[in-house]
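Nothing in this text is a laboratory measurement; each read-out follows from the coordinates by a stated rule. Every value quoted in this text rests on a predicted model; they were computed, and no experiment measured them. Note: ideal-geometry Cβ built from the backbone for every residue, glycine included; neighbour counts use all protein chains shown.
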Amino acid sequence: MSCRHSWQHYLNGWTVVPEMKRAARLGLLRQLLEQGEYTSQQELSAALAERDVTVSQSTLSKDLVALGAVKRRSADGALIYAIGSDTEPSSGSLERLARLCAEVLHSIQHAGNHLVIKTPPGAAQFLASHLDAARLPGVMGTIAGDDTVLLIAINELAAEGVSAAIAQLTRTGKPVDLNYLEGEA
């Protein structure tokens, strides 16, 4: 809980209720999704409220997007909210990455297991976040400055494959088949 407060009015007067910071709320929401099954945002909102966290529907929706939550079938066939896989890229994240690469990627070079990706000023962090969200096989992570992204692959072979895949995303603006990267990772 933060030191910041929001005021809520009750019939018997005013009371101070601590406001939870976004990072803590996202952590709690992730925990709820990993430990339970929720078929609607109303159920999630109620579960948060049981833990003294009140959010609007629009905030909850934004938080679900930020976490990469998706609807999946549970064992009994019901559609439930779940955190996206940490190892599999989603088709939506690959589509966004492909469009973004086509728009902002200026150059890509690799040396060893490192890729250096150049963008226009101010675009590197945005591109790096999309590269991270795409969870490309063989990628350990990214570091971004103003106009440069450093992508670290697990080995040189993976770096070559990822470089080729990103180059193709940039040329076509469309998702590519990443199955061949699995063998290099």
Discussion item. Can you tell me which lysines have their Cα less than 22 Å from the Cα of Lys174? Leave out same-chain residues fewer than eight positions away.
Written reply: Lys118
Worksheet item: When only C-alpha pairs under 8 Å and at least 6 residues apart count, what is the relative contact order of region 89-144, in percent?
Response: 37
Worksheet entry | Long-range amide H partners of Ala69 with built H, under 5 Å | Gly84
Discussion item. Considering all alpha-carbon pairs of region 102-176, what whole percent are spaced by more than 14 angstrom?
Written reply: 55
Worksheet item: Cα to Cα, under 19 Å, and not fewer than 8 places away if on the same chain: which lysines meet these conditions relative to Lys21?
Response: Lys62
Discussion item. I'd like to compare 118-130, 60-72: which one has the highest average count of other Cβ atoms within 10 Å, and what's the full order after that?
Written reply: 118-130, 60-72
Practice prompt. Classify region 91-131 as rounded, prolate or oblate from the Cα gyration tensor: take a ≥ b ≥ c as the square roots of its eigenvalues, call it rounded if a/c is under 1.5, otherwise prolate when a/b beats b/c and oblate if not.
Written response: oblate
Fill in: region 100-116 - phi-based ³J(HN,Hα) in whole Hz, Karplus 6.51/-1.76/1.60, Gly and Pro as x
5, 4, 4, 7, 10, 7, 8, 7, 9, 9, 10, 9, x, 9, 10, 10, 10
